[in-house]
Amino acid sequence: MKKVFVALSSLLLVACTKAGLEIANLPNAFSDTKTIKDIVYGPEPWQKLDVYVPAHSSTESLPVVVFFYGGSWKDGSKDMYPFVGEIFAKQGYITVIADYSKYPHVKFPTFVEDGAKAVAWTYRHIAEYKGNPDRLFVSGHSAGAHIGALVTADKHYLQAEGETPSIIKAFAGLSGPYDFVPYEEDYIDMFGPPENYPNMQVTTFIDGKEPPMLLLWGAGDTIVGKSNMDKLIAKIETEQGVVESNVYAGVDHVGMLSGFIWFFKSKAPIIDDITGFFQRYR
C-alpha cells in the first residue's frame, strides 16, 4: 500500500491530473492564506501572477518569494501550484507565482524576460499586499530554476525593466539546468543557434557580484544532471561569489518538489533548507 501511495503521489505531480491537483492544493482552499489570482504584470495575455499572503498583523511587513515552476519551458501553469504558495505561507513568506510564455509559441529568451517582468512587478507592488520589497527572494524548480537563476545573474534582464539584480536578496534553485548544451531537436530550436548557447547558460554571467545562491539537487535525478549545479558552483567560487549547495540522497527530479505537498512525506528537509538560507539574508 505504501508503494502504491508513493507512486500515486509522483503521478499526481507528473501527470498533473485534475483530481490530483485538487488533492495537493486542498489545504490552500481551507487555510487562512489570502490568495489573489490573475494579477496582470505585463501586456501579454499570459503575463499574470498569483499572490499568496499568510495571515499576519496589518502592521507587519513580510518577506517575499517569487517562485518559478518547471515544465521544460513548454508546459505548466501557476494554477497548478497553490501548494507551493501554501507551504511558503506557513513559513511566513508572501509568495508570488507567475505564468510565463512557453515554447513553441516563443523561444529563448522570451520566457526569461517574462520572469524579469514578474520580479520587477513584485519589487514595485508587493508592499500593496504587506510584503517587504527589501526582503525579496527568488526560487524555482527545473526550468523555473533556470529562469530564476538567469534573472538573478544576467543583469540585462532586470535592467531592461529599470531594475538591477540587487533587488534580489538571494536565490534558491531546485534541480536547475544551469549549464547545458541542447541536443534534442526541440531544445536546439528553442535555444539555438549554437552561438547563442552561452546566453542561456547561467555560468556565462557569474561575476561574483550576483546575489547569494543556494543550489539543491536530488541524487536520484535522471532528468537534470548534477553537472549543471557543479559547473555553476565552480564558477561562483572562482569569482568569489556566495554559494551554498546540498545533494539529497534518494530524491529524484519530481521528488524535489513533491515534498512540498502536504500528504507526501519528504525524504529531505528542502523547504527548511531554503527558508533557512533566506533567513540569513533577510
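Values quoted throughout were computed directly from the atomic coordinates according to the rules given, and no laboratory measurement underlies them. Worth saying up front: this structure is predicted, and the values here are computed from it rather than measured. Positions of Cβ are generated from backbone atoms using ideal geometry, with glycine treated the same way; all protein chains shown enter the neighbour counts.
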Taking a straight Cα-to-Cα line shorter than 20 Å from LYS231, and setting aside same-chain aspartates and glutamates fewer than 8 residues away, one finds ASP154, ASP179, GLU195, ASP207, GLU210, ASP221, GLU239, GLU244, ASP252
Roughly what % of DSSP beta bridges within the chain run antiparallel, to the nearest 5? 25
The stretch 20-132 - Rg and Dmax from Cα coordinates, angstrom: 14.0, 45
Whichever lysines have a C-alpha closer than 22 Å to that of LYS267, once near sequence neighbours (fewer than 8 apart) are set aside: LYS2, LYS3, LYS90, LYS226
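Mind checking Rg over Rh on the stretch 111-252, alpha carbons, Kirkwood formula for Rh?
Values: Rg = 15.1 Å, Rh = 15.5 Å.
On the Cα set of the stretch 111-252, Rg over Rh gives 0.97.
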Excluding HIS156 itself, what net charge comes from residues whose Cβ is under 15 Å from its Cβ, given Lys and Arg +1 and Asp and Glu -1? -4
Amide N of the stretch 93-110 lying under 18 Å from the label point, which is placed 7 angstrom from the Cα of LYS34 along Cα→Cβ: 93-97
Checking rank on 252-264, 109-121, 187-199, with mean other Cβ inside 10 Å and highest first, the result is 109-121, 252-264, 187-199
Once Lys and Arg get +1 and Asp and Glu get -1 on their Cβ, which of VAL119, GLN47, ILE270 lies farthest toward the positive end of the dipole of the chain? ILE270
Overall dimensions of the stretch 85-176 by Cα: Rg and Dmax, Å: 12.8, 37
Here, ARG280 and ILE223, labelled 7 Å along Cα→Cβ, have an inter-label distance in nm of 2.8
Going by a ≥ b ≥ c, the root eigenvalues of the Cα gyration tensor, does the stretch 185-282 fall in the rounded group (a/c under 1.5), the prolate group (a/b larger than b/c) or the oblate group? oblate
If you put +1 on each Lys and Arg Cβ and -1 on each Asp and Glu Cβ, how big is the dipole of the chain around its Cα centre, in Debye rounded to 20? 800
Where a Cα-Cα gap under 16 Å defines reach, which aspartates and glutamates qualify for LYS48, not counting those fewer than 8 residues away within the same chain? ASP38, ASP75, ASP79, ASP99, GLU113, ASP114
